[in-house]
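Only one structure is covered here, and it is reproduced in the block below.
Readers should treat all values here as calculations from the given coordinates under stated rules, not as data from a laboratory. All values derive from a computational prediction rather than experimental measurement. In this analysis, Cβ positions are derived from the backbone assuming ideal geometry, glycine residues included, and neighbour counts consider all displayed protein chains.
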Amino acid sequence: MPSQDQRKKRLDRSINVRSTGLYALSSWREMTYLLAPRLLLIVGLLVLPLVLDHYWQRVLCTAGVFAILALSFDFLAEYVGLVCLGGALFIGFGGYAAGLLNEYLGLPPVVTIPLAAVIGACLSTLVIMPCLRLRGIYFAIITFMLPLFARNVIIALSLFGSTEGITGLDTLPNIWVEQYVIVIAVLVILFALRRFASEDVGLIMMAVKDNDRAVLASGISIFRYRVLAVFIAALMGCFAGAYLTHLYGWLGLSLFAMDFSILPIAATVMGGMGTLVGPVIGALILSPLSEALRGLGQLRVVLYCLLLLLFILYKPEGLMNFLERKYHQFERLEKV
Amino acid sequence: MAADTLLDVRGVSKKFGGVQAVRDVGFTLNQGQVMGVIGPNGAGKTTLVNLVTGFVKPDDGRILYKGKNIAGMAPNKIANLGIVRTFQVMRPYHSLPTYKNLIVPLNSPRVRKATAGKLGDLDSVAIDILEEIGFERDARVPYKIAGSLPLGYQKRLELARCIALRPEIILCDEVFSGLSMSEISSMIPLLEKFVIEGMTLIMVEHRLRELFRVADKVLVMNFGEKIAEGPPQEVMKQDNVKAAYIGGDRSK
Amino acid sequence: MESVLIYGAINSVTFALTAIGFSLVYGVSRIPNFAHGAIYVLVGFLTWSLVNDLNLNYGLSIVISLTIASVVGLAIYQFVLIRLRGMPTSEIIASFAVSLIILEGLRLQGIGGFKGFIGPNYMLRPFFDGKIAIFNVFVDYQRLIVVGAGVVLAVGMWFFTHRTKIGLSLRAIAQDEQAAMMLGINSDRAAMISMAIGSALAGLAAVIILPLGNVTAEAGYHVLVYALAVCIIGGLGSWAGTFLAAFLVGFAMKVSTYMFGALWESVVLVGTIILVLLIKPSGLLGKQKELEERV
Amino acid sequence: MRKGFHLLIVTVVMLGMGLGVTDGTAAEKAAPIAVGAPIPRASNYGQNGERGMILATEEINAAGGVKVGDSLRPFKLEIIDSRDEEPGVPTSEVLLAIEKLILQTKVDLVAGGPCMSECGMAALDLFARYKKLDVVSIGCYTPGWDEKVSKDKEKFKYSFRESGSVKWYVKEALDLLRQMKGKFGFDKIYVSIDDSAMCRRASEIVETLAVKDGWKIVGKDKHPIGSTDYSSALTECKNSGAEILFIWAYAPETSILMKQWASMEVPALPIGFIGAAEDPGFWQATDGKCAYSIVTLSETGNVPTKATPKAMDFYNAFKKRWGVPPRSTGCVSAYEGMYVLKDAIERSGSLQEDALIAALEKTNLEAVRGTIRFDENHQVIYGYDPKNSVLGCWVQWQDGERVQVFPEVAAMGEIKLPPWIKR
């Protein structure tokens, strides 16, 4: 706590490296400075499965699912400007697609998961497309309701085992495959997205978010790009859903459960909107946390939302931005 | 209509709720002309721009571009035909670096068609355009985040975004407003250069003196109606125009 | 067939009641109050425990819990939403977090001996017990009260927003915040008031509607979703639109029940929403234009 | 900055609590036999099951514990909140809870939930995967369960279901109907069910069989779970001239159905599985509007009866321990579940899975509901004779009390008709 006659002074570390990329190559110090955090993340995630006990390994798997969902939420919200509160929709469609392919066509997970990801993504995109003309909160609210309705429709038409779902689907061969599939998927998606954001398409999407009118004025159809973006996000979500289905060899209505929509958002807010890494970290903190707090019953949800509230109110930038700043700056007290 | 008539607007009207924003306005514009659109605030100038560029669908009336009616077309389609605009309220893609702002228009179908996809490295093209618009090439400015640009540069960026589309008509919505005299006088030659390059300009302006330095003719609007059209000096002599201006506000 | 008409009407009014609070808040302060459903349920349980645990008089406990509701609304605005104005996403997330806190909190089990509200045994007494036959369709008084309340509320809202000073200022804000502020109307205070009133309305809906059934925490989610649906269809923030949409949805659902069976209600609901949005993205009477700059 | 610090603390605290909890469950498990119990603690069935299990465990331990070989070992309940039957909770999370019991708490056996059919079915695969013995003793009534087991007996041999099955309750319902047909000469049924897979199946069976018995199905209503207005259905029922209103619905909103039934004086006697009407407090909650409704509590012992010697003892013990009478589903079966385990362990003399399975299959234990035996699909055998099977429980609400009216052996009263039903 700084006293009266002192104040915090912030100094930046190696601005050169960060402002002009090439400079980094000049010395190992600078390169490690840039690469260390990334390596830390990658190695960390890859090593994690080896150090955890069996139960926490399983937790890691579900955490991975939430991480991917968080990524897809963050991507849509911060890179395209579509706030989609319906992550469960993706999980549901992906999960059901995978499960049905496996149940009725007898395809093995190695086929169903990618296939379901694509099919599910197409379906979700089709469903969301009519809502794409809406902006901001309208879109958010509609997407919030979609999973619930998807659920009701399945009950109403009593499709696919209706309220009982289908169990006894194929599961993945062993715990190692289960973990590394999801961990690697998270990493790949993470860095693919970062790359994508710097491609022209990604840039245009960000432009759409910043000022869609100007994009229109530049002769580009924002609708097409929004659809594309939704498809990409859905692709991730549905992949996660398909994976989850095969993780427990079950499909059912609760694939559309609200947790799948809420938790990723919480993770994103906590991790830091728009950082992509943040949501992953957020998910890796939150879903184990919610497991650890299971003993507390409902209280768990309450604490959980309190945490979310605190973050949104007092640390809207989120963990990641905070850490990043800490990494790039150091503070010292000085006389005023 | 004459062979070299590029844009021919006939009796367009637009109503927002109860407000008649534009009523039965029409004008023609020849290739290479510069037309100023003036009038007190709320006269419907911006709406006119929106109508021509398709951001607002006219209730009735026709907008003939090269003899083809574009009234009610989607904005991006119209832009691809070569009619581009700047925005009164400038919103550059603030989270992107300045030069990346131009990636958007450079990816438009129009540019792709014009260059048959052989544009090469878009970034350097973007830098070229920016330089042409008056960004110093090797300074840091083009690499800055667009949101952090000073007003003058943002206005130029708006223009750059138009130029990147290789337009035939540019509708400038108050490019001068908020600029200092020096900035304006450095921008005017730019506009003149566009005209020489064969572009046609429609300029919505409040800064009459500066406007008249470039405009061939002006269109005066008041309460959504066209009250006069013609060469600047003559138009300004008309009583109803004076009345409108004294009645309206002269701020800016 | 008569039953479809009568119960369709009742159903519609029910929707209107649940939605109007949300609509009001959004209309005035552009805040999507996702805690709406939670407050609805909260009031239900409050009233119940005031009556059954403290043996208070029914009417009195209703008044008390409504007051508490509006205080809660105020609190939510003062301590949470006020910092998030103009960030719809954050507002949604925050208010939804609040609603989860309330709803799950109500179901807390055995933490500190607190026995949460679980199970079918929490019911509010109907105001008058009994029923009458309208074209040999039986309707219990409570449902008639619901309808009556709906009408009163509609008229009341109109009077409030067109005649009273505060109502007018709320409307001014709703129409053009900038202008209203120039006229010296404090938009923060207006938003706060709207939250209070909105919550009170949610509570009112609760005490009127809940006696028809029983009070469960889950209801909170349903109410929220239906309120959202109605408001979206009617056009966010448009109060007339809300009522219109309520009737559209209410009848659509009852008719579908009559024709294809109750299962189709939700399907029909989705259909209606998608359809309306396809035709008119801003909802039936919504004001928000899609891609238009203010003139 | 400092706010960030606060947050950090909050997080740390929460983590601490969390770990504390997990350690608490993970730590001491030496002598006692650890029985994992995944239970939806925020649901009625869950709570009742939990109470039943705790009561049984306390009794057994008080009596010295379980005799394994020549050593006496107490039971240790490892209850975990499986969170099924809660809105917005994915089944995967329920399964994760079970995995936690198996993998981290390292329990010897699993008993109790999960209650929700969807979860129960999915759990089967889990127990097969981890080769863990499991005795379902709360809820999970879906006929799909033993169907699934029968498909692959070897794979699913680790799971037993000591709680009931809808199959049987439906049979009971039909016999009850037949009885009333003889008694009052009723022959028209109106069916009203929740729309869930379970209820739909149940009603299908009932309808087909009832028609065989010479009943006329004069109308049917499927309402989505959570609907709060049954007026149209009830009006239809009224006009259809039905004498029996056959209900199969577990949603709490069924209370509304009952209230509307009473206020509309529908001249058809409600019979069936009515979730809300099971509760002892239901009479007071509906201020008497539930009178005359006939409900299954699915397990004899939830209301006073002389059917079996143990029944009254259990009823009183439960009331004494928890201050409330047993509610319904779960109380009895969960209670007995612990005794079934005790019995099997003592007979096999070990905790080794295969030995236990063999022992359990030979179970023949006199308990509260009657005599517990498992069929070849590891499903407890229901019947009407407490000597060789366990009994269901049908009660009618008669001035404030749940009076058992069926099966006859356990009946404590006669079925009454409301004044507005002329026969």
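Sorting D:Trp248, D:Trp215 from the fewest to the most surrounding beta carbons within 10 angstrom yields D:Trp215, D:Trp248.
So which of A:Lys326/D:Lys100; B:Lys15/B:Lys68; B:Lys45/C:Lys165; D:Lys67/D:Lys157; B:Lys14/B:Lys144 end up more than 30 Å apart, counting from Cα to Cα?
Values: A:Lys326/D:Lys100 37 Å; B:Lys15/B:Lys68 24 Å; B:Lys45/C:Lys165 36 Å; D:Lys67/D:Lys157 24 Å; B:Lys14/B:Lys144 40 Å.
Exceeds cut-off: A:Lys326/D:Lys100; B:Lys45/C:Lys165; B:Lys14/B:Lys144.
Which value in deg cm²/dmol, rounded to the nearest 500, describes the helix-derived mean residue ellipticity at 222 nm for the protein assembly as shown, given -39,500 (n - 2.57) per DSSP H run of n ≥ 4 and division by the residue count?
Details: 49 runs with 705 residues, N = 1306.
It lands at -17500 deg cm²/dmol.
Rounded to the nearest 10 degrees, the inclination of helix A:28-51 to the longest alpha-carbon principal axis of chain A is 30 degrees. When the Cα positions of C:Val72, C:Leu106, C:Ile145 are compared along the charge dipole of the stretch C:2-217, C:Val72 comes out farthest toward the positive end, with charges on each C-beta of Lys, Arg, Asp and Glu. With Cα atoms defining each centre, the stretch D:331-352 and the stretch A:85-154 are spaced 44 Å apart in the structure.
The angle between the Cα long axis of helix A:87-104 and the longest principal axis of the Cα atoms of chain A comes to about 40 degrees, rounded to the nearest 10. As a proxy for reagent exposure, ranking A:Val51, B:Val49, C:Val230 by other Cβ atoms within 10 Å from fewest up yields A:Val51, B:Val49, C:Val230. One equal scatterer on each Cα of the protein assembly as shown, no solvent, Debye formula: the resulting log10 I(q)/I(0) at q = 0.07, 0.08 Å⁻¹ is -0.80, -1.00. Applied to the stretch C:68-76, the Karplus parametrisation 6.51 cos²θ - 1.76 cosθ + 1.60 on θ = phi - 60° returns per-residue 3J(HN,Hα) values of 4, 3, 5, 4, 4, x, 3, 4, 3 Hz, with x for Gly and Pro. Assuming charge only on the beta carbon of Lys and Arg (+1) and of Asp and Glu (-1), the dipole of the stretch C:2-217 about its Cα centre is about 220 debye to the nearest 20. Taking the centroid of alpha carbons for each part, the stretch C:184-231 and the stretch D:162-224 are 40 Å apart. Amide H contacts under 5 Å for D:Gly349: D:Gly69, restricted to partners 5 or more places along the chain or on a different chain, H placed in the peptide plane at 1.01 Å from N. Counting only Cα atoms, the size of the stretch C:2-217 along its three principal axes is 55, 50, 30 Å, in decreasing order. If R0 equals 41 Å, the separation of the Cβ atoms of D:Ser150 and A:Asn174 corresponds to a calculated FRET efficiency of about 0.90. Restricting the chymotrypsin sites (Phe, Trp or Tyr not before Pro) of the stretch D:371-423 to loop positions (DSSP other than H, G, I, E, B) with no more than 14 neighbouring Cβ atoms within 10 Å leaves D:Trp420.
Dipole orientation for the protein assembly as shown: of the candidates D:Thr329, C:Val43, D:Gly49, C:Val43 has the Cα lying most toward the positive pole (charges on Cβ; Lys, Arg +1; Asp, Glu -1). Once Rg and the Kirkwood radius are both taken over the C-alpha atoms of the stretch A:6-335, their ratio Rg/Rh works out to 0.99. Pairs spanning more than 20 Å between alpha-carbon atoms, out of B:Lys57/B:Lys100; D:Lys131/D:Lys167; D:Lys167/D:Lys306; D:Lys181/D:Lys416: B:Lys57/B:Lys100; D:Lys131/D:Lys167; D:Lys167/D:Lys306. Between the helical axis of A:222-248 and the longest alpha-carbon principal axis of chain A there is an angle of about 70 degrees.
Taking amide H positions as modeled 1.01 Å from N, with prolines and chain starts lacking one, the residues under 5 Å from D:Thr305 and 5 or more places away or on another chain are D:Met312. A simple charge model with +1 on the Cβ of Lys and Arg, -1 on the Cβ of Asp and Glu and nothing else charged puts the dipole of the protein assembly as shown at about 2640 debye relative to its Cα centre.
Can you list which of the trypsin sites (Lys or Arg not before Pro) found in the stretch D:239-342 are DSSP loop residues with at most 13 other C-beta atoms within 10 Å? Those satisfying the criteria are D:Lys306. Comparing A:Ser218, A:Ser290, A:Ser198 in a Gaussian network model of chain A (Cα springs below 10 Å), the most mobile by mean-square fluctuation is A:Ser218. Applied to the stretch C:17-33, the Karplus parametrisation 6.51 cos²θ - 1.76 cosθ + 1.60 on θ = phi - 60° returns per-residue 3J(HN,Hα) values of 4, 5, 8, 4, x, 4, 4, 4, 4, 5, x, 7, 10, 6, 9, x, 8 Hz, with x for Gly and Pro. In this simple spin-label approximation, D:Glu366 and C:Asn57 carry label points 7 Å from Cα along the Cα→Cβ vector, and these lie 6.1 nm apart. A simple charge model with +1 on the Cβ of Lys and Arg, -1 on the Cβ of Asp and Glu and nothing else charged puts the dipole of chain A at about 1060 debye relative to its Cα centre. Membrane-span-like helices of chain D, defined as complete DSSP H segments with a Cα extent of 30 Å or more along the helix axis and a mean Kyte hydropathy of at least 0.5, are identified as D:2-26. Enter the Cα centre distance for the pair the stretch A:176-190 and the stretch D:362-423, rounded to the nearest angstrom. Using only Cα atoms to place each centre, the spacing works out to 53 Å. Given a Förster distance of 45 Å, report the FRET efficiency between A:Met31 and A:Met129 from their Cβ-Cβ distance, rounded to the nearest 0.05. It comes to 0.50.
Sorting B:Glu132, D:Glu236 by the number of Cβ atoms found within 10 Å of their own Cβ, with the fewest placed first, yields B:Glu132, D:Glu236.
A dipole drawn for the stretch A:25-137 from +1 and -1 charges on Cβ atoms has a positive end, and of A:Gly81, A:Leu50, A:Gly64 the residue lying farthest that way is A:Gly81.
Bridging of D:Lys320 to aspartates and glutamates at a Cα separation below 16 Å is possible for D:Glu50, D:Glu58, D:Glu59, once same-chain residues fewer than 8 apart are set aside.
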